[in-house]
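The values are calculated or read from the model by the stated rules, or taken from the named source; none is laboratory data. Keep in mind that this is a model prediction, so the values were computed, not measured. Glycine also receives a Cβ, built like all others from the backbone with ideal geometry; neighbour counts cover every protein chain displayed.
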Amino acid sequence: MPKSYLIDMDGVIVRGSELIPGADEFIRRLHARNIKFLILTNNPIYTPRDLHHRLQRIGIEVTPDHLYTSALATASFLRAQIPNATCFAIGESGLTEALHDAGFILTDHEPDYVVLGETNAYSYGHITQAVRLIKNGSRFIATNPDVAGPSESGLVPACGAVAALIQAATGVAPYFIGKPNPLMMRSALRFLDEHSENAVMVGDNMLTDVRVGIESGLETVLVLTGMTTREMVEQFPYRPTRIVESVAELEMGD
């Protein structure tokens, strides 16, 4: 059986809002061979429907079911921990919709969890509220550990940076769900109805994509269209299964 693919989005399929050359043909080859795949992102801001629209506009043929975010992984994890729990969430629709769809009630009254995601405009008031709720006993969850991310106007603080602020104020460390936590991979594999032995992780980041693939028992492919150069690989104590210039070079079964 052909292996299934878990594919990082930023740096592999797109760079910012632009298509990485050959990524559209790679996705078409997956469809042509009826190979199961998910496009993964640590970014919890957007819903799968939002991401589907964004990718469709630049020629990527996917459905919302081909997209899996750290927000979905977070909702899946929390549902397994305390079904129908209450949450105070800081984030955009990608996070709040995932929590609602998983059956959670969003409230600021003694919630079971404070769930930190990402937003285009962090509110000092919401951060202060989160600090007070955590100090009063709410469990602290964060969607992803990324400390910064790209935007149209340049680098912006991301979930990990705001989580560090809240941790400094409360003395409570968050539990991060997104990559490189293998929990995100196991959640994605369950969503895809696949086993790790029959899956390939494709990414551009040695610290997150390759590491989480190795720790989850997947074959790993590093592409050089994102943040990692071939020379940088030598700095790490682990190596990907394969290194290719881009997904345009990837042939299923090679």
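A compact table of results
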{"read-out": "Hits in the range 94-109 - residues which are surrounded by 15 or more Cβ atoms within 10 Å (Cβ to Cβ) and among the polar types (S, T, N, Q)", "value": "96"}
{"read-out": "Flag for residue 94 being closer than 20 Å to residue 12 by Cα and small (Gly, Ala, Ser)", "value": "no"}
{"read-out": "Residues (under 24 Å from residue 22 (Cα atoms), surrounded by fewer than 18 Cβ atoms within 10 Å (Cβ to Cβ) and acidic (Asp, Glu)) located in the range 213-243", "value": "231"}
{"read-out": "Filtered residues of the range 37-89 (kept if more than 15 Å from the chain's Cα centre (by Cα) and among the small types (Gly, Ala, Ser))", "value": "59, 80, 85, 89"}
{"read-out": "Criterion violated by residue 87 - all others in (1) surrounded by fewer than 21 Cβ atoms within 10 Å (Cβ to Cβ); (2) more than 23 Å from residue 205 (Cβ to Cβ) satisfied", "value": "(1)"}
{"read-out": "Residue among 74, 69, 47 that alone is at pLDDT 95 or above and either surrounded by fewer than 23 Cβ atoms within 10 Å (Cβ to Cβ) or of a type outside the set (Ser, Thr, Tyr) (or both)", "value": "47"}
{"read-out": "Filter pass, residue 118 being on the phi < 0 side of the Ramachandran plot, buried (at least 16 other Cβ atoms within 10 Å of the Cβ) and in contact with a Pro (Cβ under 8 Å, 6 or more places away or on another chain)", "value": "yes"}
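Okay, residues lined up against (1) crowded, with 17+ Cβ neighbours inside 10 Å; (2) among the β-branched types (Val, Ile, Thr); (3) farther than 30 Å from residue 2 by Cα:
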residue: 170; (1), (2), (3): yes, yes, yes
residue: 175; (1), (2), (3): no, no, yes
residue: 180; (1), (2), (3): yes, no, no
residue: 184; (1), (2), (3): yes, no, no
